[in-house]
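What follows is one structure encoded as structure tokens, with my remarks underneath.
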Amino acid sequence: MKPTTQLDEAYWRGRYAANQTGWDAGAITPPLREYFDQLGSADQRRILIPGAGRAYEAEYLHEKGFTEVFVADIAPEALQALQQRVPGFPATHLLHENFFALQPSPPFDLLVEQTFFCALDPALRPAYAEQCARLLRSGGTLVGLLFETDFGDSPEPPFGGTREEYRTYFEPFFDFVCFETAHNSLRPRQGRELFICLKRKPIE
């Protein structure tokens, strides 16, 4: 389904103004919380959460002591929500930028996907996979959740798809560690989410 409107900053700011934020779970979701809990002690690995929304994942990592967590969102309201909840989160790590304009200097060690991919125009999916690879160091990790479901013909996000489709986008750049239905999704999302853990292929 091709969006009938431009999914730009004005669109997303309008969604926040109208409180049309159905993607917002109000807290970090169980699959990512469980993954983060397995990371071990906090360190200085560079972590990026693009299209972060209110960024509960960044809040969780910050509270666990990870110091190099960055969030990017095209809507300033999303970044402001994190800043208000977590005043100690570094302001310089709040990136009011378009994901596709971000630069990998230095590259990131971990990139976290949570309801960003499904909010993009589906035509941008190949470019999303390529940009994720570009932003990660060789051997870096892309982890997160993709909706493996059909949302029908709505011209508004979220946009669904299949694991077979998604695999074609990521295979050129990543080795697959996990690409399976999430076992601990929130109840409304059970059986509809694909948990992914992908390793950036060696950069030649």
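The values are calculated or read from the model by the stated rules, or taken from the named source; none is laboratory data. Values in this document were obtained by computation on a predicted structure and should not be read as measured data. As a convention, Cβ positions derive from the backbone with ideal geometry for all residues, glycine included, and neighbour counts pool all protein chains shown.
Going by the conditions given, is ARG125 more than 17 Å from THR141 (Cα to Cα), outside the structural domain of THR67 (by TED's automatic domain parsing) and of a type in the set (Lys, Arg)? Yes, satisfied. Criterion applied to LEU111, LEU39, LEU82 was being out of contact with any strand residue (DSSP E or B) (no Cβ under 7 Å at 6 or more places or on another chain) and among the hydrophobic types (A, V, I, L, M, F, W, C), and the one residue passing it is LEU39.
As for region 59-66, it holds at least one residue that is at positive phi, of a type in the set (Gly, Ala, Ser), at pLDDT 95 or above and not assigned by TED's automatic domain parsing to the domain that holds GLU156. Looking across ALA119, ALA91, ALA81, one residue alone is touching a Lys or Arg at 6+ places or on another chain (Cβ under 6 Å), closer than 22 Å to ALA27 by Cα and aliphatic (A, V, I, L, M). It is ALA81.
Tell me whether region 14-25 contains one or more residues that are of a type in the set (A, V, I, L, M), outside any loop (DSSP other than H, G, I, E, B) and surrounded by fewer than 12 Cβ atoms within 10 Å (Cβ to Cβ). Talk me through it step by step, then tell me what you get.
Step one: of region 14-25, the residues of a type in the set (A, V, I, L, M) are 17-18, 25.
Narrowing further to those that are outside any loop (DSSP other than H, G, I, E, B): 17.
Checking which are surrounded by fewer than 12 Cβ atoms within 10 Å (Cβ to Cβ) leaves us with 17.
Looking through region 14-25, at least one residue is of a type in the set (A, V, I, L, M), outside any loop (DSSP other than H, G, I, E, B) and surrounded by fewer than 12 Cβ atoms within 10 Å (Cβ to Cβ).
Checking each residue of region 28-41 against the condition of being under 19 Å from LEU7 (Cα atoms) and of a type outside the set (Val, Ile, Thr) gives no match.
Check every one of the helices (runs of 4 or more DSSP H) wholly within region 68-174 and list those with 2 or more residues that are farther than 24 Å from PHE195 by Cα. Steps first, please.
On the way: elements: 76-85, 125-135, 163-170.
Hits in region 68-174: 76-85.
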